[in-house]
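S.K.: Below is the structure I would like to discuss, written out as structure tokens.
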Amino acid sequence: MRKNLSKDKIDQHIIQIVEEAKPKNVEQLIRLVKEKFPLPEQEIISRILYLQEKEKIHLKPHQTLTPQKLTTYLHSSQASWYWTIIILTSTTILLVFTIPENAFPLIYARYILGSIFVLWLPGYTFIKALFPEKELDSIERVALSIGMSLALVPITGLLLNYTPWGIRLTPITLSLLALTLTFATAAIIREQQTKLKQKSE
């Protein structure tokens, strides 16, 4: 109970500092919190991240805190795009292997998600891995994602043609799944590293 109470006090103090002092960056916010609560920096960071996740404090883009650990970063709102891709690919795989061709109207969900899975996701994750930060605007990223998907999918099919599995539904679906998840994981790692590097400069 005492531990929870002290966390509440720290949280209230952080909220008050953000509202009243309006710190210019996270380092200044941490320093102001330390003046009242002589706590380890990592503990203060965890409380700031918690309040940011719960939307109790709203930091400006240049103030946003990037977690040092990849596991923490994956649980932050900054990695929401990564989990969206995981959910999309998982749902698509489930629909492809469970919904038969004659299952009307569910077949349309399979067609729509299948189209996104083939024509957009492989290219999007590849481009995200190449350009983890916002070097590209939305239109450029979408166009490059579609173009890259149209290049990657035929290459995947061509390579499968020279394997014992051939170009069939199961091998092509699983190959695109592996490709998308590999690129997405590389992209999230590069994104976190790039943000940490920018913060340290």
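The values are calculated or read from the model by the stated rules, or taken from the named source; none is laboratory data. In this text, all values refer to a predicted model and were calculated from it rather than measured experimentally. Methodologically, a virtual Cβ is constructed for each residue, glycine included, from the backbone with ideal geometry; neighbour enumeration extends over all protein chains shown.
S.K.: Considering only residues that are in a loop (DSSP other than H, G, I, E, B) and basic (K, R), look in the range 57-114 and name the one that is modelled with the lowest pLDDT.
M.R.: Top of the filtered list is K60.
S.K.: Considering I139, I112, which residue is surrounded by fewer than 14 Cβ atoms within 10 Å (Cβ to Cβ) and within 16 Å of L88 (Cα to Cα)?
M.R.: On the way: I139 fails: within 16 Å of L88 (Cα to Cα).
Just a single option satisfies the conditions, and that option is I112.
S.K.: Then there's this: Can you report the number of residues in the range 151-195 which are β-branched (V, I, T) and more than 19 Å from the chain's Cα centre (by Cα)? Lay out the reasoning, then the answer.
M.R.: Our first condition is that a residue be β-branched (V, I, T); within the range 151-195, this holds for 153, 155-156, 163, 167, 170, 172-173, 180, 182, 185, 188-189, 194.
When the remaining residues are screened for being more than 19 Å from the chain's Cα centre (by Cα), the result is 153, 155-156, 163, 167, 170, 172-173.
Counting residues in the range 151-195 that are β-branched (V, I, T) and more than 19 Å from the chain's Cα centre (by Cα) gives 8.
S.K.: Test of understanding: among L144, L59, L158, which residue is under 18 Å from A184 (Cα atoms) and of a type outside the set (F, W, Y)?
M.R.: Of L144, L59, L158, the one residue that is under 18 Å from A184 (Cα atoms) and of a type outside the set (F, W, Y) is L144.
S.K.: Is it the case that L95 is in the same structural domain as F183 (by TED's automatic domain parsing), over 21 Å from the mean Cα position of the chain (by Cα) and buried (at least 16 other Cβ atoms within 10 Å of the Cβ)? First the steps, then the outcome.
M.R.: On the way: in the same structural domain as F183 (by TED's automatic domain parsing): yes; over 21 Å from the mean Cα position of the chain (by Cα): yes; buried (at least 16 other Cβ atoms within 10 Å of the Cβ): yes.
Against the criterion (in the same structural domain as F183 (by TED's automatic domain parsing), over 21 Å from the mean Cα position of the chain (by Cα) and buried (at least 16 other Cβ atoms within 10 Å of the Cβ)), L95 qualifies.
S.K.: If I ask for residues that are out of contact with any helix residue (DSSP H, G or I) (no Cβ under 8 Å at 6 or more places or on another chain) and over 16 Å from A187 (Cα atoms), which ones from the range 104-141 would you list?
M.R.: F104, P105, I107, Y108, Y111, I112, S115, D137, S138, I139, E140
S.K.: Would you confirm whether any residue within the range 52-70 is within 17 Å of the chain's Cα centre (by Cα), surrounded by 14 or more Cβ atoms within 10 Å (Cβ to Cβ), more than 30 Å from I14 (Cα to Cα) and hydrophobic (A, V, I, L, M, F, W, C)?
M.R.: no
S.K.: Of the residues P164, P154, only one is part of a helix (DSSP H, G or I) and without any contact (Cβ under 8 Å) to a residue 12 or more places away in the chain; which?
M.R.: P154
S.K.: How about the range 167-184: which of its residues are in a loop (DSSP other than H, G, I, E, B) and either touching a His at 6+ places or on another chain (Cβ under 7 Å) or surrounded by fewer than 12 Cβ atoms within 10 Å (Cβ to Cβ) (or both)?
M.R.: Within the range 167-184, R168 is the sole residue that qualifies.
S.K.: Quick one: what pairs do we get from the range 104-128, first residue farther than 21 Å from Y82 by Cβ, second of a type outside the set (V, I, T) and part of a helix (DSSP H, G or I), C-beta under 7 Å, 6+ apart or different chains?
M.R.: If the second residue must be of a type outside the set (V, I, T) and part of a helix (DSSP H, G or I), the pairs left are A109/L95; R110/L95.
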